[in-house]
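K.L.:
Below: one structure in structure tokens.
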Amino acid sequence: MNSKFNSIKEDVKYYYTEKLAIYGSVPQGVDWNSLESQQIRFEQLLKLCNQPAHFSINDYGCGYGSLFAFMAEKSYKFNYRGFDLSEAMIAKARELYHDKPNCYFSSDNNFSLVSDYTIASGIFNVKLDRSNQEWEEYIIETLNSINIISQSGFAFNILTSYSDREYMQDHLYYADPCFYFDLCKKRFSRNVALLHDYGLYEFTLIVRKNKI
């Protein structure tokens with residue numbers, strides 16, 4: 001990824017490390033408000049993985065590994081690699097799942113390990129004091145990198161610009177779902193699904209490279 005975004009990554013790293021220190025390994029520790037909303041979010045993202053056979057998956061912004069736990073509980077057949085900017089998050093994930101043979105955690109987000117699928121949950125929401133333009137450049141650069149390492153497809157979510165205005169917060173980024181749908185259709189694949197009907201103030205985009 002372009003080095004000009006290093007300062008953004010440092011700010012995001014600090015933000016989430018602080019959240020984990022305050023709340024611990026619970027949804028609030030990765031800045032989600034409840035276990036229920038976190039599980040709804042995972043259900044939408046995992047609609048990407050539509051093959052019954054064993055597959056590999058990258059989880060960018062994995063936090064303390066809650067997606068791995070969710071997938072294991074649902075009996076997916078998979079090899080999992082979780083990446084997070086926060087070394088503290090990775091340390092907690094390794095502590096929780098050190099005895100699991102099908103998972104790997106790293107704080108090295110260099111986008112070099114290719115998998116069947118990649119999921120990025122929540123990593124585009126917290127822009128802090130960045131302008132929308134700068135944050136959007138960062139998102140697009142990240143999606144370009146994710147696309148390269150995803151053989152069969154990828155999925156991500158972002159807070160929606162259709163959120164209620166009175167609840168919007170200045171440090172968060174609210175995206176136009178149509179913009180990102182159009183971007184993914186034109187740049188990454190003809191097979192793109194926009195999910196905006198699951199009761200949270202966000203949307204999920206699923207980009208499939210294989211024909212359905």
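The values are calculated or read from the model by the stated rules, or taken from the named source; none is laboratory data. On a predicted model such as this, the values are computed, not experimentally measured, just so you know. Here the Cβ is made from the backbone with ideal geometry for all residues, glycine too, and neighbour counts use every protein chain on show. Surface accessibility is based on the protein's heavy atoms, side chains included, excluding ligands, DNA and RNA. Shrake-Rupley method; radii C 1.70, N 1.55, O 1.52, S 1.80 Å.
K.L.:
Looking only at the range 142-200, count every residue that is outside any loop (DSSP other than H, G, I, E, B) and either within 30 Å of S112 (Cβ to Cβ) or open to solvent by 70 Å² or more (accessible area, probe 1.4 Å) (or both) and tell me the total.
P.N.:
Total meeting the criteria: 38.
Listed here are the residues, each with its yes/no results for (1) in contact with a Lys or Arg (Cβ under 6 Å, 6 or more places away or on another chain); (2) part of a helix (DSSP H, G or I); (3) farther than 13 Å from K100 by Cα.
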{"position": "Q44", "(1), (2), (3)": "no, yes, yes"}
{"position": "K47", "(1), (2), (3)": "no, yes, yes"}
{"position": "Q51", "(1), (2), (3)": "no, no, yes"}
{"position": "I57", "(1), (2), (3)": "no, no, yes"}
{"position": "G63", "(1), (2), (3)": "no, no, yes"}
{"position": "F68", "(1), (2), (3)": "no, yes, no"}
{"position": "Y76", "(1), (2), (3)": "no, no, yes"}
{"position": "Y80", "(1), (2), (3)": "no, no, no"}
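K.L.:
Now for a different question. Have a look at T160, T142 and point out the one that is touching a residue at least 24 places away in the same chain (Cβ under 8 Å) and either in contact with a Phe, Trp or Tyr (Cβ under 6 Å, 6 or more places away or on another chain) or among the charged types (D, E, K, R) (or both).
P.N.:
Exactly one residue qualifies, and that residue is T160.
K.L.:
Which of the residues belonging to the range 2-30 are open to solvent by less than 70 Å² (accessible area, probe 1.4 Å), of a type outside the set (S, T, N, Q) and modelled with pLDDT under 80?
P.N.:
Hits for the range 2-30 are Y16, K19, L20, G24, V26, P27, G29, V30.
K.L.:
Could I ask something else about it? Take the range 31-54 and flag every residue that is at pLDDT 85 or above, closer than 21 Å to N157 by Cα and open to solvent by 50 Å² or more (accessible area, probe 1.4 Å).
P.N.:
Of everything in the range 31-54, those that are at pLDDT 85 or above, closer than 21 Å to N157 by Cα and open to solvent by 50 Å² or more (accessible area, probe 1.4 Å) turn out to be E36, Q39, E43, K47.
K.L.:
Another question about this same structure. Quick check: is even one residue across the range 173-186 more than 21 Å from N58 (Cα to Cα) and in contact with a helix residue (DSSP H, G or I) (Cβ under 6 Å, 6 or more places away or on another chain)?
P.N.:
Yes, the range 173-186 contains a residue that is more than 21 Å from N58 (Cα to Cα) and in contact with a helix residue (DSSP H, G or I) (Cβ under 6 Å, 6 or more places away or on another chain).
Conditions tested, residue by residue: (1) over 21 Å from H54 (Cβ atoms); (2) among the hydrophobic types (A, V, I, L, M, F, W, C).
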{"site": "K77", "(1), (2)": "no, no"}
{"site": "S86", "(1), (2)": "yes, no"}
{"site": "Y97", "(1), (2)": "no, no"}
{"site": "K100", "(1), (2)": "no, no"}
{"site": "S107", "(1), (2)": "yes, no"}
{"site": "V114", "(1), (2)": "no, yes"}
{"site": "E134", "(1), (2)": "yes, no"}
{"site": "Y138", "(1), (2)": "yes, no"}
{"site": "E141", "(1), (2)": "yes, no"}
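K.L.:
Continuing with the same structure: I want to confirm something. Restricting to the range 95-116 and keeping residues that are among the acidic types (D, E) and within 16 Å of the chain's Cα centre (by Cα), which single residue is surrounded by the most Cβ atoms within 10 Å (Cβ to Cβ)?
P.N.:
Ranking the candidates gives D116 first.
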